[in-house]
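Below is one structure, written out as structure tokens; the observations come after it.
The values are calculated or read from the model by the stated rules, or taken from the named source; none is laboratory data. The shown structure was predicted, so the numbers you read here are calculated from the model rather than taken from an experiment. Note that we place each Cβ from the backbone using ideal geometry, even for glycine, and neighbour counts take in every protein chain shown.
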Amino acid sequence: MQKPTKLIFLNNNILKNSKLKYTVALIYSMLTVYLLLSKNSNAQKLLIFEIPNIDKLLHLLIFALFDFLWIITPLFKNKFKFNVRIVFISTLSLMFSIVLEFLQLYTNFRKFDVFDICFNFIGIGLIMIVLVFSKKSKKKLI
């Protein structure tokens with residue numbers, strides 16, 4: 001009898017594939033830059049009804065995922081212990097989010113908002129806390 005084929009996304013080996021992790025993290029990073037600096041990216045226009053401050057929730061989610069994707073790559077794996085690496089990559093993620101927010105000052109169609117940075121920080125912090133305090137995350141992600 002022939003074994004059923006598994007989809008790559010349902011296979012546990014996906015967490016072991018370094019090239020795929022880097023590719024996904026880089027593509028997501030480029031998408032993040034596009035979303036935060038482009039003229040036509042307005043989340044409120046996508047919704048049927050208006051939700052006040054939906055962009056803050058999106059900032060939280062965008063940077064939580066951004067930080068997670070870079071943490072699961074083997075970046076700095078041999079230089080730092082797991083928890084130190086999480087804090088280091090999360091700090092780089094926060095700096096990246098701050099740079100993107102300041103770049104909005106140089107566009108005519110986007111506005112700098114310190115609360116965006118705060119929600120970026122909350123998203124990054126949530127992922128950092130979950131991974132640092134999760135005993136199983138070290139075994140599965142690294």
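Before moving on, here are some points about what is shown:
- Filtered residues of region 98-113 (kept if touching a helix residue (DSSP H, G or I) at 6+ places or on another chain (Cβ under 8 Å) and either of a type in the set (A, V, I, L, M, F, W, C) or touching a residue at least 12 places away in the same chain (Cβ under 8 Å) (or both)): 98, 100, 101, 103, 104, 107, 110, 112, 113
- In region 73-104, of all residues being among the charged types (D, E, K, R) and in a helix (DSSP H, G or I), the one that is modelled with the lowest pLDDT corresponds to 85.
- Residue match in region 21-34 (condition: farther than 16 Å from residue 113 by Cα and either modelled with pLDDT under 75 or assigned to a loop (DSSP other than H, G, I, E, B) (or both)): no
- Candidate set from region 73-87 (those that are hydrophobic (A, V, I, L, M, F, W, C) and over 15 Å from residue 63 (Cα atoms)); member that is surrounded by the fewest Cβ atoms within 10 Å (Cβ to Cβ): 84
- In region 83-95, the residues that are in contact (Cβ under 8 Å) with a residue 12 or more places away in the chain never reach a residue that is among the polar types (S, T, N, Q) and outside any helix (DSSP H, G or I) with C-beta atoms less than 8 angstrom apart, at least six apart or across chains.
- Among residues of region 43-67, those that are surrounded by 13 or more Cβ atoms within 10 Å (Cβ to Cβ) and modelled with pLDDT under 65, counted: 2
- Inter-residue pairs, beta-carbon under 8 Å, first closer than 14 Å to residue 89 by Cα and in region 124-142, second part of a helix (DSSP H, G or I) and modelled with pLDDT under 65, 6+ apart: 131/137; 131/141
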